[in-house]
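Remarks on the structure that follows.
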Amino acid sequence: MSRQKSISRRDTFALAAGAAALPLAGAALTAGPARAQAPMQGAARPSHYRVGLGQFEVTTIFDGAVQLDGPHPIFGENQTAEAVQALARENFLPETRQEIGFTPVVVNTGSALVVFDTGNGARRRPNAGKLAAALGNAGYSPDQVDVVVLTHFHPDHIGGLMEDGQPLFANARYVAPSTEYDFWTHPDRMSGPTEGVATLTAANVKPLAEKMTFIGNEGEVVPGIRGISAFGHTPGHTAFHIESDGRRLLLGGDFCNHYVVSMQVPDWHVRFDMDKEGAVASRKSLLDLLATDRIPFTSYHMPFPAVGYVERKGQGYRYVPASYQLHL
């Protein structure tokens, strides 16, 4: 049989398809560059994340983020830059740039709407500090808030208490650690390295003192929410244990400020911790609690939506972001 007669039906279809494509190929060579019909929209990320916890609802709120040099020397301050950069590289992070996000939390207990920390306030950072708008995106208005809880008085936590010189949460009462209030309102703090925080405390926190409840170690905010001492980051820094129907969550504030560096090597110092070794002790204690009890946590500077778990890894720990566990 001749070569010409042995062509199969499949070969015939292939030849026909190739011939049909020739005009299209020619058109592609002569046409201008292809352009999308829709314009670029820019980067985007969610503004809030909500899960159930027993009879409670927990909503994390994205108050924005800043990008800056690091992680070293902000994180791993007592280590070499090379050691911190190596750890970042092992975890697929840039070695000389980082992002720090800010995550207030709203807990609806059914009888009280509780806000933990208030973000930067619009006066502090161009890409953060718009808590009122962020709450609106999550379905809340500031006048619905019953209780505002402050884990500590650093500016990115108390900056959103005031809006244009007036309390943002007009109908709320306030809860703060007594040790924290006493430290930052002392006249001695109004000079030296504490001056900036003390000045903002005087402007944003002291005017609310008459509506404020001061709690000590293990103090209760509302039923189901109580404090846990986590001193070191600041003198009165406090975490909170939240529980409903046997479901538990730890709200950590700033006990662990970087999900890789501070967690995998909790002994490494953080620039923002006022008592370095006290912060290390609090960090280890809470990380051990989370890993042992296998409960979820949220913490102010974890990657948004800032909800996850902790597992042991060698002499340190590893952050495990929550997936669908809290949706069930």
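The values are calculated or read from the model by the stated rules, or taken from the named source; none is laboratory data. Every value quoted in this text rests on a predicted model; they were computed, and no experiment measured them. Reconstructed Cβ throughout: ideal geometry from the backbone, glycine too, with neighbour counts over all protein chains shown.
For the stretch 183-192, does any single residue satisfy the condition of being over 15 Å from F240 (Cα atoms), surrounded by 23 or more Cβ atoms within 10 Å (Cβ to Cβ), out of contact with any Lys or Arg (no Cβ under 6 Å at 6 or more places or on another chain) and not aromatic (F, W, Y)? Looking through the stretch 183-192, none of the residues is over 15 Å from F240 (Cα atoms), surrounded by 23 or more Cβ atoms within 10 Å (Cβ to Cβ), out of contact with any Lys or Arg (no Cβ under 6 Å at 6 or more places or on another chain) and not aromatic (F, W, Y).
Among the residues of the stretch 205-216, is there at least one that is surrounded by fewer than 23 Cβ atoms within 10 Å (Cβ to Cβ), among the acidic types (D, E) and in a loop (DSSP other than H, G, I, E, B)? Checked the stretch 205-216: no residue is surrounded by fewer than 23 Cβ atoms within 10 Å (Cβ to Cβ), among the acidic types (D, E) and in a loop (DSSP other than H, G, I, E, B). Taking the stretch 172-217 as the range and being within 12 Å of L161 (Cα to Cα), polar (S, T, N, Q) and touching a Gly at 6+ places or on another chain (Cβ under 8 Å) as the test, only N204 passes.
State whether the residues of the stretch 227-238 include one that is touching a strand residue (DSSP E or B) at 6+ places or on another chain (Cβ under 6 Å), β-branched (V, I, T), surrounded by fewer than 24 Cβ atoms within 10 Å (Cβ to Cβ) and assigned to a strand (DSSP E or B). The answer is yes, given that some residue of the stretch 227-238 is touching a strand residue (DSSP E or B) at 6+ places or on another chain (Cβ under 6 Å), β-branched (V, I, T), surrounded by fewer than 24 Cβ atoms within 10 Å (Cβ to Cβ) and assigned to a strand (DSSP E or B). The residues in the stretch 308-326 that are surrounded by fewer than 17 Cβ atoms within 10 Å (Cβ to Cβ) and over 17 Å from P266 (Cα atoms) can be counted, and the count is 5.
Checking A86, A34 one by one, the residue that is modelled with pLDDT under 95 and of a type in the set (A, V, I, L, M) is A34 and no other. Just one of (1) crowded, with 18+ Cβ neighbours inside 10 Å; (2) under 23 Å from F56 (Cα atoms) fails for G121. It is (2). Taking every residue in the stretch 117-135 that is farther than 24 Å from R173 by Cβ and modelled with pLDDT of 80 or more and pairing it with any residue that is of a type outside the set (S, T, Y) and outside any helix (DSSP H, G or I), at least 6 positions away or on another chain, the pairs with Cβ-Cβ distances below 6 Å are N127/G64; A128/D63; A128/G64; A128/F102; A128/N120.
Reported count of residues in the stretch 177-195, each being in a loop (DSSP other than H, G, I, E, B) and either under 28 Å from E218 (Cβ atoms) or of a type in the set (F, W, Y) (or both), is 2. Could you tell me whether any residue of the stretch 281-295 is touching a strand residue (DSSP E or B) at 6+ places or on another chain (Cβ under 8 Å) and in a loop (DSSP other than H, G, I, E, B)? Yes, because at least one residue in the stretch 281-295 is touching a strand residue (DSSP E or B) at 6+ places or on another chain (Cβ under 8 Å) and in a loop (DSSP other than H, G, I, E, B).
Please verify whether G227 is farther than 30 Å from F92 by Cβ and over 20 Å from the mean Cα position of the chain (by Cα), treating the condition exactly as stated. Considered against the rule, which asks whether it is farther than 30 Å from F92 by Cβ and over 20 Å from the mean Cα position of the chain (by Cα), G227 comes out as no. Scanning the stretch 291-328 for residues that are over 18 Å from R248 (Cα atoms) and among the polar types (S, T, N, Q) yields a single hit, Q315. Counting only strands (runs of 3 or more DSSP E) that fall entirely inside the stretch 61-176 and contain at least 3 residues that are under 15 Å from the mean Cα position of the chain (by Cα), on the phi < 0 side of the Ramachandran plot and not aromatic (F, W, Y), the qualifying elements are 65-69, 97-101. Applying the criterion of being of a type in the set (F, W, Y) and touching a residue at least 40 places away in the same chain (Cβ under 8 Å) to the residues of the stretch 208-263, the residue that is nearest to D146 (Cα to Cα) is F240.
Inside the stretch 311-328, residues that are in a strand (DSSP E or B) and farther than 17 Å from T60 by Cβ make up a count of 6.
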